[in-house]
Amino acid sequence: EAYFASAQSLAGRRILVTAAGTEEPLDPVRYLGNRSTGRMGFEVAAEAARRGAEVVLVAGPTPIATPAGVRRVNVRSARDMHAAVFAEYDSMDAVIKAAAVADYRPAETAEHKIKKSDGELTLTLTRNPDILYELGQKKRHQILVGFAAETQNVAEYARGKLAKKNLDFIVANNVAEKDAGFGVPTNHVQIFFADGRAEDHPLMAKSALAGVILDRLEEALKNKNE
Ligand code: CTP
Ligand code: CA
């Protein structure tokens, strides 16, 4: 039987997508950040909306335009993202967590610009909440999809995160590869599922990968309803 993604296959579904990196302020002019541009998450949000889902996109700072039909909530820090995500969680059918969330933030944010002096400057960093871990702990009906950005031992680390965060599947990539990860329009991933299955995907455009991820999400939603 032929299947067309254009047939509004996610109509009636509510999907939360997070995208881009968080920024953790050090003072009024500086922050700790990371290299995520948000492209992968924005492609997922755009494709989910094309398939008829009601999409909320919680996005860190990025110049990327809001995809058609998507409700966007802008956030800056990991704690902002935590609050925005949990404000929406109960009513969602699925969460796709493509954001690169800072694991640590400066222990203090200076009220005024930090002035340089001759010696070293030591920063103390404190742990941010692990948003996806908490979503996993509080999961009821939702399908949870994570990403894993690794530079080594990809399968081992990704499977560990899949289990620890109580995910349905995780999309893992080696960000040390030239055509995968940050700042490029392509990605090369493996997907690991809670039932033990694993898939190797070829290098492809992030827009195409968004389609693959949503195909897997649709299967997971269907299995849940059976
Ligand atoms: N994540 C999150 N909140 C955090 C850190 C990560 O929600 N504070 C989510 C990311 O959005 C991603 C997944 O967890 O979907 C994995 O992120 P990653 O940085 O690869 O893993 P960590 O669990 O943070 O472990 P580490 O950075 O030590 O590899
Ligand atoms: Ca991390």
Checklist outcome for this item: Subset of region 54-69, residues open to solvent by 10 Å² or more (accessible area, probe 1.4 Å) and either under 20 Å from Val175 (Cα atoms) or in contact (Cβ under 8 Å) with a residue 40 or more places away in the chain (or both), comes to Glu54, Pro61, Thr62, Ile64
Checklist entry - Among Ala110, Ala102, which is near ligand 1 (Cβ under 9 Å from one of its atoms), part of a loop (DSSP other than H, G, I, E, B) and in contact with a strand residue (DSSP E or B) (Cβ under 8 Å, 6 or more places away or on another chain)? => result Ala102
Next on the checklist: Test of understanding: among Ala163, Ala180, which residue is of a type in the set (A, V, I, L, M, F, W, C) and open to solvent by less than 70 Å² (accessible area, probe 1.4 Å)?
Outcome noted: Ala180
Checklist entry - Here are some conditions: (1) in contact with a helix residue (DSSP H, G or I) (Cβ under 8 Å, 6 or more places away or on another chain); (2) under 21 Å from Ser36 (Cβ atoms). Ala100 meets all but one. Which one does it not meet? => result (1)
Checklist entry - Which condition number does Ile64 fail, the rest of (1) more than 23 Å from Leu221 (Cα to Cα); (2) under 16 Å from the mean Cα position of the chain (by Cα); (3) hydrophobic (A, V, I, L, M, F, W, C); (4) not in a loop (DSSP other than H, G, I, E, B) being met? => result (4)
Checklist entry - Cβ-Cβ below 6 Å, separation at least six or inter-chain, first residue in region 33-53 and more than 18 Å from Ala148 (Cβ to Cβ), second open to solvent by 50 Å² or more (accessible area, probe 1.4 Å): which pairs? => result Phe42/Ile64; Ala49/Gly69; Gly52/Gln8; Gly52/Ala11; Ala53/Arg13
Checklist outcome for this item: For region 186-225 the number of residues that are within 17 Å of Gly12 (Cα to Cα) and open to solvent by 60 Å² or more (accessible area, probe 1.4 Å) is 5
Checklist outcome for this item: Counted residues in region 94-143 being within 16 Å of ligand 2 (Cβ to nearest atom) and either crowded, with 22+ Cβ neighbours inside 10 Å or within 22 Å of the chain's Cα centre (by Cα) (or both) come to 20
Item to check | Some residue of region 69-88 being in contact with a helix residue (DSSP H, G or I) (Cβ under 8 Å, 6 or more places away or on another chain), basic (Lys, Arg), at pLDDT 95 or above and not in a loop (DSSP other than H, G, I, E, B) | outcome: no
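The values are calculated or read from the model by the stated rules, or taken from the named source; none is laboratory data. All values reported here derive from a predicted model rather than from experimental measurement. Positions of Cβ are generated from backbone atoms using ideal geometry, with glycine treated the same way; all protein chains shown enter the neighbour counts. Just so you know, the surface numbers come from the protein's heavy atoms only, side chains and all, with ligands and any DNA or RNA stripped out. Shrake-Rupley method; radii C 1.70, N 1.55, O 1.52, S 1.80 Å.
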